[in-house]
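Engineer: Can you keep this structure in mind? I'll have questions shortly.
The values are calculated or read from the model by the stated rules, or taken from the named source; none is laboratory data. The structure presented is a predicted model; accordingly, all values stated were derived computationally and were not measured. Cβ placement follows ideal geometry from the backbone for every residue including glycine, while neighbour counts extend to all protein chains displayed.
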Amino acid sequence: MLVNLLKREEGFKPKPYEDTEGILTIGYGFTYITEAEASVILEGRAKEVTRICRKEFKWFPSLTRDRQEVIASMVYQLGLRGFKGFKKMIKAIEVGDFLTAANEGLDSRWARQTPDRATRHMEVLKG
């Protein structure tokens, strides 16, 4: 089967690397991906981030879908470890105090680095 042959010959690299011609490459010798391919990858990663949130945070399933998406988006952007650094925000979410949670989210390095995204997310979190 061609796919197996290509996998064996190209080899897999999860991070960008330069091929023998100095061309930036990733995966199985890809020099680019289409938007459709990227969307398939993103859908898989979104499902994985949501699964991680459900596993890590007992309160996650009780949130509205919009709030779940905001939390999952933050975990996607920051990583689980980075998100867990929002201790005061997480404590406020645990007790249902979404105004405080949003204010804590906005009082962060993350909000200073990505202010538009943080503002949109925290507006949704406030409800």
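Engineer: Checking the conditions here, which among Ala101, Ala72 is of a type in the set (Gly, Ala, Ser) and over 17 Å from Arg54 (Cα atoms)?
Structural biologist: Details: Ala72 fails: over 17 Å from Arg54 (Cα atoms).
Result of the check over Ala101, Ala72: Ala101.
Engineer: With respect to Lys47, determine if the residue is out of contact with any Leu (no Cβ under 6 Å at 6 or more places or on another chain) and under 30 Å from Ile26 (Cα atoms). Walk me through how you get there before you give the answer.
Structural biologist: Details: out of contact with any Leu (no Cβ under 6 Å at 6 or more places or on another chain): yes; under 30 Å from Ile26 (Cα atoms): yes.
Judged against the criteria, Lys47 is a match.
Engineer: A further question follows. Taking region 1-30 as the search range and keeping residues that are in contact (Cβ under 8 Å) with a residue 12 or more places away in the chain and in contact with a Leu (Cβ under 9 Å, 6 or more places away or on another chain), which one is nearest to Tyr76 (Cα to Cα)?
Structural biologist: Result: Tyr28.
Engineer: Same structure, new question: Determine whether region 65-75 contains at least one residue that is under 30 Å from Gly11 (Cβ atoms) and either surrounded by fewer than 15 Cβ atoms within 10 Å (Cβ to Cβ) or in the same structural domain as Val3 (by TED's automatic domain parsing) (or both). First the steps, then the outcome.
Structural biologist: Residues of region 65-75 that are under 30 Å from Gly11 (Cβ atoms), as a first pass: none.
So far as region 65-75 goes, no, none of its residues is under 30 Å from Gly11 (Cβ atoms) and either surrounded by fewer than 15 Cβ atoms within 10 Å (Cβ to Cβ) or in the same structural domain as Val3 (by TED's automatic domain parsing) (or both).
Engineer: Name the one entry in Phe83, Phe30, Phe12 that is more than 23 Å from Gly127 (Cβ to Cβ), among the hydrophobic types (A, V, I, L, M, F, W, C) and touching a helix residue (DSSP H, G or I) at 6+ places or on another chain (Cβ under 9 Å).
Structural biologist: Details: Phe83 fails: more than 23 Å from Gly127 (Cβ to Cβ); Phe12 fails: touching a helix residue (DSSP H, G or I) at 6+ places or on another chain (Cβ under 9 Å).
Result: Phe30 is the single residue among Phe83, Phe30, Phe12 that is more than 23 Å from Gly127 (Cβ to Cβ), among the hydrophobic types (A, V, I, L, M, F, W, C) and touching a helix residue (DSSP H, G or I) at 6+ places or on another chain (Cβ under 9 Å).
Engineer: Looking at (1) surrounded by fewer than 14 Cβ atoms within 10 Å (Cβ to Cβ); (2) closer than 30 Å to Glu10 by Cα, which is the only condition Ala46 fails?
Structural biologist: (1)
Engineer: If you check Ile26, Ile33, which single one turns out to be touching a strand residue (DSSP E or B) at 6+ places or on another chain (Cβ under 7 Å), of a type outside the set (Ser, Thr, Tyr), surrounded by 11 or more Cβ atoms within 10 Å (Cβ to Cβ) and within 28 Å of Leu80 (Cα to Cα)?
Structural biologist: Ile26
Engineer: Within region 28-58, can you find the residues that are of a type in the set (Gly, Ala, Ser) and modelled with pLDDT of 95 or more? So that I can check it myself, show each step before the final result.
Structural biologist: Step one: filter region 28-58 for residues of a type in the set (Gly, Ala, Ser), giving 29, 36, 38-39, 44, 46.
Selection gives Ala36, Ala38, Ser39, Gly44, Ala46.
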